[in-house]
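S.K.: Quick one: the structure is below, questions incoming.
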Amino acid sequence: MTENKNQPIITVKDLSIFYKTFRAVKNVDLEIFENKITAIIGPSGCGKSTVLRSFNRMNDFIPGASIQGNILFHDKNIYDEDVDPVQVRRMIGMVFQKPNPFPKSIYENIAWGAKMNGFSGNMDDLVEKTLQDAALWDEVKDELNKNALSLSGGQQQRLCIARALAVKPEIILMDEPCSALDPIATLKIEDLMRELSHNYSIIIVTHNMQQAARASDMTAFFTMDEDRAGVMVEYGLTTQIFTNPKNKQTEDYITGRFG
Amino acid sequence: MNKNNSIFESRAQGNLKKRHRVSKIWRSSFFLSTTIGIFSLVILLFSIINQAFGYVIVENNVDPASLSSMPLQSLEREELISILQENVSKNRFKTIQRDNPVEELKRSELVGLVTSEIIKPTTLKSYFLIPSLTNKAEIIRTQQDEFPNAVVQFRSWISPSFLTDPLSTNPDTTGIRTALLGSLWIIVVTVIIAFPIGIGAAIYLEEYSSNNWLSRIIKTNIDNLAGIPSIVYGLLGLAIFVRGLNLITSGAFIGIDQSNGRTILSAALTMSLLILPLIIINAQEAIRAVPSSLRQASYGLGATRLQTIWYHVLPAAMPGILTGTILAVSRAIGETAPLILVGASSFINKDPSGLFSNFTVLPIQIYNWTTRPQAEFRNVAAASILVLLIVLLTLNTAAILLRNHFSKNKAA
Ligand SMILES: Nc1ncnc2c1ncn2[C@@H]1O[C@H](COP(=O)(O)OP(=O)(O)OP(=O)(O)O)[C@@H](O)[C@H]1O
Ligand SMILES: [Mg+2]
């Protein structure tokens, strides 16, 4: 099996996530591999976003949210007492469902995060490099001082990806990054993800089966059990999940007989 | 088809008439409310303006022409000083010297002194704007019949010299400078104290404090504090700042010879207490209204809480925070009761010069003047109200410009 060739960069062990007393995710075990695109799919409300947010401790901001189990990043549990969540988020960046650039210029959007992380090199070069990596440079190179909110939705989302890259993370989390975009902008982002996967590991939550099938290497399928707690049903190579699912529920879902 | 049509029409018509009637009634009552509001404002402004301008019948104690062949305004300082020395008694001159040494006065101030000490113009009768416009002949006849030595002048009670002259007991020569400076000092110091503390508290409550029973009690109490009558703050200020912290508010701790704590500092501290709840509440609202996607974007890049607040939350909330501050300052500038309690002087003609000066403020002067028997003080009061309104509008305009500056950064 190919997945064993790589060392896992994230290892999830017996993860449960609670909102107050409600258990939103139950007993998940998962390994994320370096320089791969991992897709998380499943019906609405099964806890995909919850799991994704737990990878860079964004759940910390939700009052009442708590976790059980371990999430090992380079063999270190990121929920250990001595781990600073800010450091985790610098290594594991995030792109959100709705593009959310800062209400500043394009340039500042990229420079800000890098500056806050103590970047001391040539900022102009960094901005150009990350915009090129995010396939946005050609469209905006003449108007870097324009307000980022005046860009189109697809451009804004690529700016958000560029902004995340500027912090030089190892992993990029994406929560339905294309759900607000048209098919052409979506394809652009998928191409971009493929490009980025040479240097980064990407975890993407998506509702779009074709997108998961097209763009990912690994796929995890989640669903809800009878308590409405999210459980992981099946995890494997994307080709295997989509052509030869082992589980009946997975098969029903990807063929559209579910949800 | 035809049948359906008529059914539709008969049912629709019945409802329609009623609905139109109801909506008409509501519409006109909304319109009426607006009209009443605007009408009262217009009346208010009109009555103030009516009193601030008009004809006066004035008699001079000494004819200016007998003092000098040239108009006073064109004389040199030395000439003005010698006129002063020659025409007032020795004792009076000493008193003047003690209050304001004449050698240090500007020429315009000397002219004012000569006018108030020697010429002593007395307004025998003053008229409001409307009678002045409609009844000029009558006014002139009154002057000729009753005050043959006097002259009729059109006077704007609000004038440059009204703004720049110190307070005096004579409505003809009094200015408003002392009170204007007092108000400005207090407002500026109040904002310097209350603005950062208010924003700090709002940031803590919104961004740091967890939502437990203690913070909920604090939040509820801040809301209640905003509704407490201002006189209560005055009592508090009197007890804490004027009496309790006398050593500090009087300036004694840095060796300022000032026997009481009835100072600008005490007043500003009291005013800060008064407007803090307003600033906190408005700042909280503004901070809460900052979209969470902005915070997430910042945290997602590995920013700390402080960086997120400082670079994203505060700039986005600033227009709302400034709006709240405008409201609070507008309230503070018109407050009278608490300042009377913390010891605003009802009569003082020495300009406030720092945190530890005694003071008076515009609303207190307005109040004092309206309680005087002489009719001319009503004109002076009206003029001061106009000054107060202008100060208010100026401050608000400045804050609105600042707010627009921040909003512009946010716009797409
Ligand atoms: N902030 C929150 N507070 C309380 N419960 C929450 C919160 N966020 C999510 N939940 C609950 O956790 C469960 C999983 O939610 P989550 O958003 O992770 O689902 P999802 O798989 O991302 O769904 P979708 O596909 O619709 O985005 C849901 O039952 C939801 O009601
Ligand atoms: Mg989701």
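S.K.: Determine the pairs where a residue that is more than 14 Å from chain B (Cβ to nearest Cβ) and assigned to a strand (DSSP E or B), located within the stretch A:12-33, has a partner that is more than 16 Å from ligand 2 (Cβ to nearest atom) and aromatic (Phe, Trp, Tyr) with Cβ atoms under 8 Å apart, the partner being 6 or more residues away or on another chain.
M.R.: A:Ala24/A:Phe18; A:Leu30/A:Tyr235
S.K.: Look through the stretch A:34-64, keep the residues that are within 14 Å of chain B (Cβ to nearest Cβ) and within 14 Å of ligand 2 (Cβ to nearest atom), and return whichever of them is surrounded by the fewest Cβ atoms within 10 Å (Cβ to Cβ).
M.R.: My answer is A:Ile62.
S.K.: When both residues are 6+ apart or on different chains and their Cβ atoms are under 6 Å apart, which pairs have a first residue that lies in the stretch B:294-308 and is in the same structural domain as B:Ala202 (by TED's automatic domain parsing), and a second that is surrounded by fewer than 20 Cβ atoms within 10 Å (Cβ to Cβ) and among the hydrophobic types (A, V, I, L, M, F, W, C)?
M.R.: Qualifying pairs under 6 Å: B:Gly302/A:Val86; B:Ala303/A:Met116; B:Thr304/A:Val86; B:Gln307/A:Met116.
S.K.: Then there is this: Just to check your reading of the model, which residue among A:Leu131, A:Leu165 is at pLDDT below 95, within 14 Å of chain B (Cβ to nearest Cβ) and more than 16 Å from ligand 1 (Cβ to nearest atom)?
M.R.: The unique qualifying residue is A:Leu165.
S.K.: A further question on this structure: Quick one: which residue in B:Ile309, B:Ile287 is more than 13 Å from every other protein chain (Cβ to nearest Cβ), surrounded by 20 or more Cβ atoms within 10 Å (Cβ to Cβ) and either not in a helix (DSSP H, G or I) or not hydroxyl-bearing (Ser, Thr, Tyr) (or both)?
M.R.: B:Ile287
S.K.: I would also like to ask the following. Could you give every pair whose Cβ atoms fall below 7 Å, whose first residue belongs to the stretch A:34-61 and is farther than 19 Å from A:Pro169 by Cα, and whose second residue is more than 9 Å from ligand 1 (Cβ to nearest atom) and in a strand (DSSP E or B), counting only separations of at least 6 or pairs across chains?
M.R.: That search, which allows pairs on different chains as well, returns A:Ile40/A:Ile203; A:Ile40/A:Ala220; A:Ile41/A:Thr219; A:Ile41/A:Phe221; A:Gly42/A:Phe221; A:Gly42/A:Thr223; A:Pro43/A:Thr223; A:Cys46/A:Thr223.
S.K.: Test A:Arg90 against the criterion of being in contact (Cβ under 8 Å) with a residue 24 or more places away in the chain and either within 14 Å of chain B (Cβ to nearest Cβ) or crowded, with 21+ Cβ neighbours inside 10 Å (or both), and give yes or no.
M.R.: Details: in contact (Cβ under 8 Å) with a residue 24 or more places away in the chain: yes; either within 14 Å of chain B (Cβ to nearest Cβ) or crowded, with 21+ Cβ neighbours inside 10 Å (or both): yes.
Criteria met by A:Arg90.
S.K.: Counting only residues that are assigned to a helix (DSSP H, G or I), of a type in the set (A, V, I, L, M) and either at pLDDT 95 or above or over 14 Å from B:Val188 (Cα atoms) (or both), how many does the stretch B:241-267 have?
M.R.: Residues that pass the stated criteria total 5.
S.K.: Checking A:Asn109 against (1) away from ligand 2 (no atom under 16 Å from the Cβ); (2) closer than 20 Å to A:Asp217 by Cβ; (3) touching a helix residue (DSSP H, G or I) at 6+ places or on another chain (Cβ under 6 Å), only one condition comes out false. Which one?
M.R.: (2)
S.K.: A further question on this structure: Taking the stretch A:38-93, which residues are under 13 Å from the mean Cα position of the chain (by Cα) and within 14 Å of ligand 1 (Cβ to nearest atom)?
M.R.: A:Ala39, A:Ile40, A:Ile41, A:Lys48, A:Ser49, A:Thr50, A:Val51, A:Leu52, A:Arg53, A:Ser54, A:Phe55, A:Met58
S.K.: Please tell me if B:Ala337 is surrounded by 16 or more Cβ atoms within 10 Å (Cβ to Cβ) and modelled with pLDDT of 90 or more.
M.R.: Spelling it out, it is not the case that B:Ala337 is surrounded by 16 or more Cβ atoms within 10 Å (Cβ to Cβ) and modelled with pLDDT of 90 or more.
S.K.: Quick one: which helices (runs of 4 or more DSSP H) lie wholly within the stretch A:143-259 and hold at least 2 residues that are small (Gly, Ala, Ser) and buried (at least 19 other Cβ atoms within 10 Å of the Cβ)?
M.R.: Qualifying helices (runs of 4 or more DSSP H): A:153-165, A:209-215.
The values are calculated or read from the model by the stated rules, or taken from the named source; none is laboratory data. Predicted model only: the values in this text are computed from it and were never measured. Using ideal geometry, Cβ is built from the backbone for each residue, glycine included, and neighbour counts are taken over all protein chains shown.
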